[in-house]
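Asks: Okay, here's the structure, questions in a sec.
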Amino acid sequence: MKLDLFKYYSPTYEGKDNLAFHEKGQIYFQQPLKFNDPWDCRAPIISIPRQISYLKDFHYYITIRHGADFANSEWEKTKKLSRAEIRDKYKILFEEALANMRQRIGVFSLSFIPDNELMWAHYAISHSGYMLQFQIVPEDYFVNPTLKDIGIPIPVIYKKERTTLNIASYYSNREKRMYDLIRYKSEAWKYEHELRLLNVTTCGFLDMPQAWLKSITVGLATKNELKEKLKSIGHELNVPVFFAKIHESNYQVEIPGLDIKGIDGRRKYEELVASKVLELK
């Protein structure tokens, strides 16, 4: 299965042309704490098991950094609290642990949709930027473990309600909890049909597998100077450069030459989610 995915770029980054994919051969993994969705990758609703003893593993994971003696003494104090007090205490501790995690990890967001007007307007800054097409083969992750050092592919699932986490199960499967935090988003963002690459240790610029890059698309309002640079980069890298245009009769972005449209991307996204090939058990 080959996944054609798209990344929308603003024309500049920190006052310079936003061309790190060529100048550095790198892509940027964002810290989740900088996402524009206030619910994205935040702590889910938590529940506390009826038998407080089930919390012991989680308690030790959270507090052992202060030493075993501290963890033991705090556990003895915690057992004597009311259920409401225990819930409030662990809610705070869990949110602190999650906040620390969110500072370490990095996420590279991609879309299955190349012609969405909203994404061109938002992420490519009023169509003045450009879009890269990446092609990722999920099966490669099973034969080339080093790909996971770049980012684990996670298709985003859109929901109306936030996930509930039984906090006692967090310690037993922390990797799955992190995966779920990255995976679920509000239905309000469903138009993006997103796949994320999760790097569990690093944020910032990371080297990009050169074989992933398949095309460059110039935005409707991209300035001539950047347009010429993108054309030159495409020629140098031997990848096609396409030019977005306004549809003659519809409120629609057209990309002549690019043989993938939004309807194709939505179908591929749905097939991938249904296949569960990238689902972490």
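The values are calculated or read from the model by the stated rules, or taken from the named source; none is laboratory data. Keep in mind the model is a prediction, meaning the values are calculated, not measured. Heads up, the Cβs are rebuilt from the backbone with ideal geometry, glycines too, and the neighbour counts pull from every protein chain shown. The area values use the complete protein model at the heavy-atom level, side chains included, leaving out ligands, DNA and RNA. Shrake-Rupley method; radii C 1.70, N 1.55, O 1.52, S 1.80 Å.
Asks: Looking at the P(r) of the range 31-89, how many percent of alpha-carbon pairs lie beyond 16 Å?
Replies: Value for the range 31-89 (Cα pairs over 16 Å): 54 percent.
Asks: Which of the GluC sites (Glu not before Pro) across the range 167-255 are loop residues per DSSP, with 16 or fewer other Cβ within 10 Å?
Replies: Passing both the DSSP loop test and the Cβ count: GLU248.
Asks: Rank these residues by their accessible area, most exposed first, probe 1.4 Å: THR164, THR202, THR78. Working shown, then result.
Replies: On the way: THR164 85, THR202 50, THR78 0 Å².
Descending order: THR164, THR202, THR78.
Asks: Quick check: Cα centre of the range 188-238 to Cα centre of the range 30-86, how many Å?
Replies: Between the Cα centre of the range 188-238 and that of the range 30-86, the gap is 39 Å.
Asks: Quick check: convex hull of the Cα atoms in the range 1-155, volume per residue, rounded to a whole Å³?
Replies: 186 Å³
Asks: Carbon and sulfur: what percent of the chain's accessible surface (1.4 Å probe)?
Replies: The computed percentage sits at 51.
Asks: Next up: Give me the Kirkwood hydrodynamic radius of the range 148-267, using the inverse of the mean 1/r over all pairs of distinct Cα atoms, in Å to one decimal. Don't skip to the answer; put the middle values down first.
Replies: Numbers: mean 1/r = 0.0557 Å⁻¹.
Result for the range 148-267 stands at 18.0 Å.
Asks: Turning to a different aspect of this structure: Can you pull out the trypsin sites (Lys or Arg not before Pro) in the range 18-71 that DSSP calls coil and that have at most 15 other Cβ atoms within 10 Å? Let's see the in-between values first.
Replies: On the way: sites: LYS24, LYS34, ARG42, ARG50, LYS56, ARG65; in loops: LYS24, ARG42, ARG50.
Passing sites in the range 18-71 are LYS24, ARG50.
Asks: Please report, in debye to the nearest 20, how large the charge dipole of the range 193-249 is about its Cα centre when each Lys and Arg carries +1 at its beta carbon and each Asp and Glu carries -1 there.
Replies: Value, rounded to 20: 80 debye.
Asks: At 222 nm, what value in deg cm²/dmol follows for the chain if DSSP H runs of at least 4 each add -39500 (n - 2.57) and the sum is divided by all its residues, to the nearest 500?
Replies: Values: 9 runs with 94 residues, N = 281.
It comes out at -10000 deg cm²/dmol, rounded to the nearest 500.
Asks: Separate question: Give me the one-decimal Kirkwood hydrodynamic radius in Å for the range 128-194, with the sum taken over alpha-carbon pairs.
Replies: 14.6 Å
Asks: Still on this structure, I have one more. I want to verify the translational diffusion coefficient of the range 196-281 in µm²/s; compute it with Stokes-Einstein, Rh as the Kirkwood radius over Cα pairs, at 4 °C and 1.567 mPa s.
Replies: Calculated translational D: 80 µm²/s.
Asks: Over the chain, with a Gaussian network built from C-alpha contacts below 10 Å, which listed residue (LYS176, LYS77, LYS160) shows the highest mean-square fluctuation?
Replies: Evaluated over the chain, the most mobile residue of the options is LYS77.
Asks: Oh, and also: Kindly give the semi-axes, whole Å and largest first, of the ellipsoid equivalent to the range 89-234, taking each as the square root of 5 times a Cα gyration tensor eigenvalue.
Replies: Those come to 33, 19, 14 Å.
Asks: Below 18 Å, Cα to Cα, which lysines can LYS77 reach? Residues fewer than 8 away in the same chain don't count.
Replies: Excluding near neighbours in sequence, the set is LYS56, LYS89, LYS91.
Asks: Expressed as a rounded percentage, what relative contact order does the chain have, with Cα pairs under 8 Å and six or more residues apart?
Replies: Numbers: 460 pairs, mean separation 84.3, N = 281.
Across the chain, relative contact order equals 30 percent.
Asks: Exactly which trypsin sites (Lys or Arg not before Pro) in the range 215-261 are in a DSSP loop and have at most 16 other Cβ atoms within 10 Å?
Replies: Values: sites: LYS223, LYS227, LYS229, LYS231, LYS245, LYS261; in loops: LYS223, LYS261.
Of the trypsin sites (Lys or Arg not before Pro), the ones in loops of the range 215-261 whose Cβ has at most 16 other Cβ atoms within 10 Å are LYS223, LYS261.
Asks: Kindly express, to the nearest 10 degrees and within the range 0 to 90, the angle between helix 262-275's C-alpha long axis and the longest C-alpha principal axis of the chain.
Replies: It works out to around 30 degrees.
Asks: Search the structure for amide H atoms under 5 Å from the amide H of PHE205, placed 1.01 Å from N in the peptide plane, and list their residues when 5 or more places away or on another chain.
Replies: Here PHE29 satisfy the definition.
Asks: Under a 1.4 Å probe, what is the accessible area of the range 116-217 per residue, stated in Å²?
Replies: 45 Å²
Asks: In debye, nearest 20: dipole of the chain around its Cα centre with unit charges on the Cβ of K, R (+) and D, E (-)?
Replies: Once rounded to the nearest 20, the dipole reads 1060 debye.
Asks: Using the Cβ atoms and a cut-off under 14 Å, what net charge is assigned to the surroundings of PRO240, where Lys and Arg are +1 and Asp and Glu are -1?
Replies: Neighbour charge sum, excluding PRO240 itself: -1.
Asks: Rank these residues by their accessible area, most exposed first, probe 1.4 Å: ARG87, ARG162, ARG177. Write out the running numbers ahead of the final one.
Replies: On the way: ARG87 85, ARG162 120, ARG177 55 Å².
Final ranking, largest accessible area leading: ARG162, ARG87, ARG177.
Asks: Checking the table LYS190/LYS227; LYS7/LYS34; LYS7/LYS185 against a 22 Å threshold on Cα-Cα, which pairs fail?
Replies: LYS190/LYS227
Asks: Separate question: Per the Kirkwood formula on distinct C-alpha pairs, the Rh of the range 162-233 is how many angstrom?
Replies: After inverting the mean inverse Cα-Cα distance, the result is 16.6 Å.
Asks: Could you work out the relative contact order of the range 200-242, using alpha carbon pairs under 8 angstrom and six or more residues apart, expressed as a whole percent?
Replies: 46 percent.
Asks: Sticking with this structure for a sec: Taking +1 at the Cβ of each Lys and Arg and -1 at the Cβ of each Asp and Glu, which of ILE52, GLY67, ILE27 sits farthest along the dipole of the range 1-115 towards its positive end, judged by Cα position relative to the Cα centre?
Replies: ILE52
Asks: If you don't mind, another one. Could you tell me which of the pairs LYS24/LYS223; LYS148/LYS261; LYS24/LYS159 are separated by over 26 angstrom between their Cα atoms in the structure shown? Walk me through the numbers before you get to the answer.
Replies: Details: LYS24/LYS223 22 Å; LYS148/LYS261 29 Å; LYS24/LYS159 37 Å.
Beyond 26 Å between Cα atoms: LYS148/LYS261; LYS24/LYS159.
Asks: I've got another one for you. Rounding to the nearest 10 and keeping the result within 0 to 90°, find how far the Cα-based axis of helix 68-79 lies from the longest principal axis of the chain.
Replies: Helix 68-79 sits roughly 70 degrees off the main axis of the chain.
Asks: Give, rounded to the nearest 20 debye, the magnitude of the charge dipole that the range 51-127 has about its Cα centre when Lys and Arg contribute +1 at Cβ and Asp and Glu contribute -1 at Cβ. Before the final figure, lay out the partial values.
Replies: Working: 11 positive and 10 negative charges, 88 e Å.
With Lys and Arg at +1 and Asp and Glu at -1, about 420 debye.
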